[in-house]
Amino acid sequence: MAQLSTRLVGGGLTAAVLAIIASILNVEGGYVNNPADPGGATNHGITERVAREHGYKGAMKDLPKEFAQSVVFVDYVQAPGFDKLIELSAPVGEEAVDSGVNTGPAQPSRWLQIALNSLNRQGKDYPELVVDGKAGAKTMAAYASLQKLRGKPEACRMLIKLMDAQQASYYLKLTDGNGSLETFMPGWVINRIGNVPLERCQ
């Protein structure tokens, strides 16, 4: 897989994306193979299934960090369209990418769309979005409209708060009655909820 730096275009976006990916990999840590984790063996936040899909053939404990960086970019930044979200707001983009690595990118895409719909004043400010888990051009246009109406800092803070609230609810439902997944709840709360400071919304 090509070096990450050769896959990105534009200096500002490159810096923002690299910083987001570095932050996520720092939280994910190295090799883990917890029997309670349905994802199985994981290294730098990349499950074995995802690593194999990207052509990695080695032992998971030896998966290079550079390989993980490229996978995060391809699967969790570029594929779900979060690179466009990062262009609009790096903090909101980080919220989406970080959540996507942990839950799959469709979840934060839905949370973003639900949040935007809840803020459009019954369609008066911008059209209602179909909540399909695909953060495409209409989702980005809705966010741009919210930024214009509320100002970029306030729009950023509003979305992060609402996305965090939905993520917390998701974890509570996921662990309700599931003792094995409760093992991961403290880490999720510490590292995944409120992990993007609102002060970064500028």
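Every number here is computed from the coordinates shown, using simple stated rules; none is lab data. None of the values given here were measured: they were computed from a predicted structure. Counting neighbours? That spans all protein chains shown, and the Cβs are built from the backbone with ideal geometry, glycine included.
General observations
- Under 15 Å from Lys134, Cα to Cα: aspartates and glutamates that are on another chain or at least 8 residues apart: Asp75, Asp83
- Choice from Thr183, Thr47, Thr139 with maximal GNM fluctuation in the chain (Cα, 10 Å cutoff): Thr183
- Dipole magnitude for the chain: computed about the Cα centre from +1 point charges on Lys and Arg Cβ and -1 point charges on Asp and Glu Cβ, it is near 480 debye.
- Cα-based Kirkwood hydrodynamic radius, the chain, one decimal, Å: 17.5 Å
- Candidates Asn117, Asn43, Asn33: whichever shows maximal mean-square fluctuation once the chain is modelled as a Gaussian network with Cα springs under 10 Å: Asn33
- Within straight-line reach of Lys57, meaning a Cα separation under 25 Å, sit the following lysines at least 8 residues removed in sequence or on another chain: Lys65.
- Contact order normalised by residue count of segment 10-200, Cα under 8 Å, 6+ apart, percent: 17 percent
- Separation of segment 91-139 and segment 146-195, taken as the distance between their Cα centroids, equals 13 angstrom.
- Of all the options Gly133, Gly179, Gly93, the one that moves most in a Gaussian network model of the chain with Cα springs shorter than 10 angstrom is Gly179.
- Difference of contour (0.36 nm per residue) and Cα-Cα distance, Arg121 to Thr175: 16.1 nm
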